[in-house]
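Shown below is the structure under consideration.
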Amino acid sequence: MLDIQGVCMSFPAPEGGALEVLRDIHLGVSQGEFVLFVTHQIDEAVYLSDRVVVLSARPGAIKAIVDVPLPRPRALGIKRSEPFGRLVDEIWGLIEEEVRRAMRLAAS
């Protein structure tokens with residue numbers, strides 16, 4: 001049986017790196033568990049996830065699933081790494097495509 005935990009909003013924004021530490025402590029995810037974490041912050045999604053699901057504009061559908069092959073456990077320093085930056089850029093690109101598509105549809 002699959003045990004699913006859902007986290008439906010971003011955590012509040014404490015100062016500095018305390019936010020990431022609090023998330024790690026709160027989630028306490030062990031291997032084999034599944035957590036659905038919904039966020040609007042791309043770096044947060046990449047840092048916390050093994051896969052990031054990017055949704056399309058209306059009507060909402062799955063646009064892409066981006067694998068996050070970064071090692072676990074993840075130290076905060078990974079956010080400054082080139083692989084992390086490439087993943088964030090890839091996801092931003094997917095979102096930008098959707099924003100431009102939605103704007104074209106709204107203008108027509």
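Conditions first: (1) modelled with pLDDT under 55; (2) out of contact with any Leu (no Cβ under 8 Å at 6 or more places or on another chain). Residue 6 passes all but one, so which condition is the exception?
Unmet condition: (2).
Does residue 88 fit the bill of being in contact with a strand residue (DSSP E or B) (Cβ under 8 Å, 6 or more places away or on another chain) and at pLDDT 95 or above? Outline the logic, then answer.
Numbers: in contact with a strand residue (DSSP E or B) (Cβ under 8 Å, 6 or more places away or on another chain): no; at pLDDT 95 or above: yes.
In short, no.
Name the pairs: first residue in the range 48-77 and surrounded by fewer than 16 Cβ atoms within 10 Å (Cβ to Cβ) and of a type outside the set (Gly, Ala, Ser), second residue at pLDDT below 85 and assigned to a loop (DSSP other than H, G, I, E, B), Cβ to Cβ under 6 Å, at least 6 apart or on different chains?
76/17
Hey, among 75, 45, 64, 57, which residue is of a type in the set (A, V, I, L, M, F, W, C), modelled with pLDDT of 85 or more and over 30 Å from residue 103 (Cα atoms)?
Of 75, 45, 64, 57, the one residue that is of a type in the set (A, V, I, L, M, F, W, C), modelled with pLDDT of 85 or more and over 30 Å from residue 103 (Cα atoms) is 75.
Another question, then. Of the numbered conditions (1) under 15 Å from residue 40 (Cα atoms); (2) not hydroxyl-bearing (Ser, Thr, Tyr); (3) not in a helix (DSSP H, G or I), residue 58 satisfies every one except a single condition; which is it?
Going through the list (1) under 15 Å from residue 40 (Cα atoms); (2) not hydroxyl-bearing (Ser, Thr, Tyr); (3) not in a helix (DSSP H, G or I), residue 58 breaks only (1).
The values are calculated or read from the model by the stated rules, or taken from the named source; none is laboratory data. Because the structure is a prediction, the values reported are computed rather than measured. Don't worry about glycine lacking a Cβ; one is built from the backbone with ideal geometry, like all the others, and counts go over all protein chains shown.
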